[in-house]
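I have placed the structure first, in the form of structure tokens, so that the comments after it can refer back to it.
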Amino acid sequence: MNEAVCPVCPHHCRIPVGAYGRCKARKNIAGRIVCANYGKLTSMALDPVEKKPLSFFYPGSMILSVGSFGCNLSCPFCQNHEIARAEETDFQRIYDVPPEELCRIAKEARARGNIGVAFTYNEPLVGYEYVRDTAALVRRAGMKNVLVTNGMAGAVVLEELLPYMDAMNIDLKGFRPEIYQSLGGSLETVKEFIARAASSCHVELTSLIVPRLNDSLEDMREQAEWIAQISPDIPLHITRYFPRYKMREPATDISRMKKLKEIAGRSLQHVCLGNV
């Protein structure tokens, strides 16, 4: 059968020859797991860095933001499901942009205030080889690298990327293991990822607050206290959910958002409300 095990994330998908893992971005070719979305971009935009969101990393700057396809979580409220939950064949057009070309585009965009490249929109870690190779060139060109990620990857992957990363925004989708289990993830993996990343580069965290999933005041207290153990200076973005993808739950109540911010602010220096 020539099955191969993908080592990138805790799923450790056993993938038959010619098939994809659950992320739809890693494929078994001739018994070897490869990054099937390498250099294949579905999205590119010059964004304010605050949209990543990063509020304390070169505020007021622009950054070239790029995305491919695929994700290793299955969030029913996914805000970018058109690319994160899609397969390569779902797109009418995919742009082949090798690392050298993306670095060239980023350098040309300096004239419009660009400071570097943000790997975002889908889950960049499922195609970490492209992120690593491009980020090395961007760093060599004197520009910045930003990773916007769910943090669901093993230590080996993270260590390959850290030498080139200047900043990350990492999703922290809840603070109970069962929340992550319901999304196909691992809370402990994400916590380890956050702690290691914060020791090496600028890190900000985002929690999208979904009613009746992760809006517990007690969970937020525990989450903020845990973050503060790493550093109370790590910014936390508490972001409002709106109905997307498979979820029709009404948008998060703003008064609840404010209460969560108040609780988090007892442990953290920087708590921001988003999408309000």
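The values are calculated or read from the model by the stated rules, or taken from the named source; none is laboratory data. Note that the structure is predicted; figures quoted are calculated from it, not measured. Heads up, the Cβs are rebuilt from the backbone with ideal geometry, glycines too, and the neighbour counts pull from every protein chain shown.
Within region 32-43, which residues are part of a strand (DSSP E or B) and in contact (Cβ under 8 Å) with a residue 40 or more places away in the chain?
Those that are part of a strand (DSSP E or B) and in contact (Cβ under 8 Å) with a residue 40 or more places away in the chain: CYS35, LYS40, LEU41, SER43.
Going by what's in this entry, would VAL34 be described as touching a Phe, Trp or Tyr at 6+ places or on another chain (Cβ under 9 Å) and at pLDDT 95 or above?
Considered against the rule, which asks whether it is touching a Phe, Trp or Tyr at 6+ places or on another chain (Cβ under 9 Å) and at pLDDT 95 or above, VAL34 comes out as no.
Considering region 4-31 alone, what residues qualify as being in a strand (DSSP E or B), in contact (Cβ under 8 Å) with a residue 60 or more places away in the chain and farther than 20 Å from ARG132 by Cβ?
Of everything in region 4-31, just one residue is in a strand (DSSP E or B), in contact (Cβ under 8 Å) with a residue 60 or more places away in the chain and farther than 20 Å from ARG132 by Cβ, namely TYR20.
Quick one: which helices (runs of 4 or more DSSP H) sit completely within region 49-165 and have at least 1 residues that are of a type in the set (S, T, N, Q)?
128-140
Mind telling me which of the residues GLU100, GLU123, GLU87, GLU108 ends up being acidic (Asp, Glu), touching a helix residue (DSSP H, G or I) at 6+ places or on another chain (Cβ under 8 Å) and either farther than 26 Å from MET247 by Cβ or exposed (fewer than 14 other Cβ atoms within 10 Å of the Cβ) (or both)?
None of the other options fit; the residue is GLU100.
Within region 167-276, which helices (runs of 4 or more DSSP H) (wholly inside it) include 1 or more residues that are hydrophobic (A, V, I, L, M, F, W, C) and farther than 25 Å from ALA86 by Cβ?
187-198, 217-230, 254-264
Only one of (1) out of contact with any helix residue (DSSP H, G or I) (no Cβ under 8 Å at 6 or more places or on another chain); (2) hydroxyl-bearing (Ser, Thr, Tyr); (3) farther than 28 Å from ARG244 by Cα fails for TYR95. Which number is that?
Result: TYR95 passes all but (3).
Of everything in region 44-73, what is over 18 Å from THR206 (Cβ atoms), surrounded by fewer than 24 Cβ atoms within 10 Å (Cβ to Cβ), touching a residue at least 24 places away in the same chain (Cβ under 8 Å) and small (Gly, Ala, Ser)? Give them in sequence order.
Across region 44-73, the qualifying residue is only SER61.
For the list (1) over 14 Å from the mean Cα position of the chain (by Cα); (2) at pLDDT 95 or above; (3) of a type in the set (A, V, I, L, M, F, W, C), I need the number of the one condition that PHE91 fails.
Unmet condition: (2).
Name the single residue that is farthest from ARG212 (Cα to Cα) among those in region 238-257 being exposed (fewer than 13 other Cβ atoms within 10 Å of the Cβ) and basic (Lys, Arg).
LYS246
Out of region 206-235, which residues are β-branched (Val, Ile, Thr) and in contact with a Gly (Cβ under 8 Å, 6 or more places away or on another chain)?
THR206 - this is the single residue of region 206-235 that is β-branched (Val, Ile, Thr) and in contact with a Gly (Cβ under 8 Å, 6 or more places away or on another chain).
Taking region 9-28 on its own, how many of its residues are aliphatic (A, V, I, L, M) and surrounded by 15 or more Cβ atoms within 10 Å (Cβ to Cβ)?
Number satisfying all stated conditions: 2.
Which of the following residues is free of Cβ contacts under 8 Å to residues at least 12 places away in the same chain, out of contact with any Ser or Thr (no Cβ under 9 Å at 6 or more places or on another chain) and not hydrophobic (A, V, I, L, M, F, W, C): GLU87, GLU82, GLU108?
Residue meeting the stated conditions: GLU108.
Would you pick out the residues in region 239-259 that are under 17 Å from GLY174 (Cβ atoms) and hydrophobic (A, V, I, L, M, F, W, C)?
Correct list: MET247, MET257.
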